[in-house]
Every structure is written in C-alpha cells, then in structure tokens.
1. Do you know which residues across the range 260-286 are within 27 Å of Tyr37 (Cα to Cα), part of a loop (DSSP other than H, G, I, E, B) and either open to solvent by less than 50 Å² (accessible area, probe 1.4 Å) or in contact with a helix residue (DSSP H, G or I) (Cβ under 8 Å, 6 or more places away or on another chain) (or both)?
2. Quick check, is His235 out of contact with any Pro (no Cβ under 7 Å at 6 or more places or on another chain) and either at pLDDT below 95 or open to solvent by 50 Å² or more (accessible area, probe 1.4 Å) (or both)?
3. Any idea which of Ala107, Ala98 is of a type in the set (A, V, I, L, M), under 13 Å from the mean Cα position of the chain (by Cα) and closer than 22 Å to Phe28 by Cβ?
4. Please note which strands (runs of 3 or more DSSP E) are completely contained in the range 111-177 and include at least 3 residues that are closer than 16 Å to Lys268 by Cα.
5. Looking at Leu216, is it more than 17 Å from the chain's Cα centre (by Cα) and not β-branched (Val, Ile, Thr)?
6. Do we have Ala248 as touching a residue at least 12 places away in the same chain (Cβ under 8 Å), farther than 20 Å from Ala42 by Cβ and not charged (D, E, K, R) here?
7. Mind telling me which of the residues Leu186, Leu171 ends up being more than 23 Å from Ile261 (Cβ to Cβ) and in contact with a Phe, Trp or Tyr (Cβ under 8 Å, 6 or more places away or on another chain)?
Amino acid sequence: ADVAEYLQRTPRQLPSRYFYDALGSALFDAICRLPWYRVTRAETALLSRYARQILERLPRPLNISELGCGNGEKLAILLERGGERFRRVHLIDISPAALLSARARLATLPANPVTTFHGTYEEGLARLATHRSQGSWLVLFLGSNIGNFDPPAARDMLRRIRGSLVEGDALLLGTDLVKSPRVLQLAYDDPLQVTAAFNRNLLRRINDEAGGTFDLDGFAHRARWNPQHSRVEMHLVSTRQQLVRIAAADLEVEFQKDEWIWTESSYKYEPAHVLSEGCQAGFLDGEQWIDEDARFALTLFKV
C-alpha cells in the first residue's frame, strides 16, 4: 500500500528506505568502496583520527546507539578507541542483513552487551528512550544519513533525537558538505554503474516481494545536482511508454517515455548550517571535525 501511494504521487516516488534489503545493503557496501564515493572513507578517517578526542568530551560510563548502523565498521572504530568506557551498544537499522553484519563485526571486539533493533530510526529512538540504563548515551547518526531527509524532515529528525536524550547525552552527526558538481555527479553516477544497480534494485525488490512487472532494462538511472536546493537527486527514468502492474497493491501504473520515479535526495550542507540546525533542535553548541579535501564533517552536539 505504501509503494502504491508513492507511485501515484506527482512526481512519482519510491522511499529510499526500500533500498536496503540484503542485495541493496550489499550494493551500498560496494558503493562505499568506490573511488568516486568518498563519504565513507572520509568519515572513517575522521573517526580514526579524532575518536579519542571526541570521547574525552563525554562522561563515563557511556552507552552508544547507532541509527542506521550498516556493517558496523565505523561504530567499531569508536569501540576500539573507547576501551572499557562503554556499557551497552544499541544498533538500529531497517535492514536485517545490516544488523547481522554489524553484530558479526562487533563480535570481534571486547565484549559489550549488544542489542539490535530492526526498524526505522524513529522506532529505534522510541525504544531507546524507554530502555535507558546507567550512564549517558552517545547517539551516532553517521554516513550523512541526515541528508536523505528534506530540510523540514531533517529538522524534525534532529528534534526527535534531542527529545530522546537527557542531560549528559550527546549526538555525533556525520554530514556530507557542498562540493563541486562534477565530484558529486561521479559519486552518484559512477562509471562502473554500481549506483545504477543499487537504484534499479528497488524495482527488482518490488517485482519479487509485491508481484511487480517492472522491466529493469526499461528504466535508466539518472543523478543530477540541484544547486537551488543543495541536493543530489536520483531518479529512475522510463525509457519508453510502458504499463507496470503490482499485484500486491492491485495497481497498474502507465509510464510515458522519459517519465521518472524520484528515489532519493541527498542534501549537502555547509558547516555553519549544520551547527545552526543542531542548535535550533535544542542541542548545545556543536564542535566540528572537518575533512576539507573530501568535504565531510563530523559534529558533536551535547545535551
């Protein structure tokens, strides 16, 4: 029903949260290793370099929760640097495959009780708020996942995070920064077409799970930088006139040639904008660590 509602919007859309089934998660892991997509490498390098500095600014004992944990590699850096500082680890992700991968990655580290929660960020935060334990909480929202929200939704998300925290808690936020359009284009439309496969996997998933009849060859991947809104937009563009049926939704959708489905927006920030948004959400002044070459920022907001 959710898919049907989005496909009948103008313009047609599919929520980016549907990217992350097992295959989608594997494809995204591959994207993170592409030379043209520097977000993960830049963020990992910042965490490796500044983890101890970040953790020194936080109280002990400390619990840690990651929204959208992925494969757990970035969280592992903090746990490796934090030693016995941490009491509990709480993982939240929409992808069961990601949770399994993260748990396996963290199993190689000194024991910390690890809880996994399969669900949305909002559901995970609600659960976190009702399962507080001794010590403060550090919430990680990394990978520039905040960039997948439009500005009003991003502000609401930051307020939700702030609302789930109490004095002594903190948020570590990763944001991709504005950079040259050519660099952004390559990051979201790579020469190996891994991102194109990741995008079209949405249609494959609808076919497999909802009885869809999408012809994957009938939709082309397109990514473009929208400077007015400071975002990269990803679309799937119909290469011809075609009729698609989705049995589970009892829906038929007719696509015209060049008609597109909007699958993702990735907003890019300026450092001062990140600080301003955090303060407006109710956090104290933030502290930033920035990779100026890759144009990526980590910001620590305290409560």
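1. The answer is Lys268, Gly286.
2. Numbers: out of contact with any Pro (no Cβ under 7 Å at 6 or more places or on another chain): yes; either at pLDDT below 95 or open to solvent by 50 Å² or more (accessible area, probe 1.4 Å) (or both): no.
Considered against the rule, which asks whether it is out of contact with any Pro (no Cβ under 7 Å at 6 or more places or on another chain) and either at pLDDT below 95 or open to solvent by 50 Å² or more (accessible area, probe 1.4 Å) (or both), His235 comes out as no.
3. On the way: Ala107 fails: under 13 Å from the mean Cα position of the chain (by Cα).
After applying the criteria, what remains is Ala98.
4. So the answer is 170-176.
5. Judged against the criteria, Leu216 is a match.
6. Spelling it out, Ala248 is indeed touching a residue at least 12 places away in the same chain (Cβ under 8 Å), farther than 20 Å from Ala42 by Cβ and not charged (D, E, K, R).
7. After ruling out the rest, the residue left standing is Leu171.
Residue-wise test of (1) open to solvent by 70 Å² or more (accessible area, probe 1.4 Å); (2) more than 25 Å from Ile146 (Cα to Cα); (3) modelled with pLDDT of 95 or more; (4) among the polar types (S, T, N, Q).
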residue: Gly218; (1), (2), (3), (4): no, yes, yes, no
residue: Arg222; (1), (2), (3), (4): yes, no, yes, no
residue: Thr239; (1), (2), (3), (4): no, yes, yes, yes
residue: Ala247; (1), (2), (3), (4): yes, yes, no, no
residue: Leu251; (1), (2), (3), (4): no, yes, no, no
residue: Asp258; (1), (2), (3), (4): yes, yes, yes, no
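The values are calculated or read from the model by the stated rules, or taken from the named source; none is laboratory data. Please read these numbers as outputs of a predicted model, since none were measured by experiment. Using ideal geometry, Cβ is built from the backbone for each residue, glycine included, and neighbour counts are taken over all protein chains shown. Heavy atoms of the whole protein, side chains included, go into the accessibility calculation; ligands, DNA and RNA do not. Shrake-Rupley method; radii C 1.70, N 1.55, O 1.52, S 1.80 Å.
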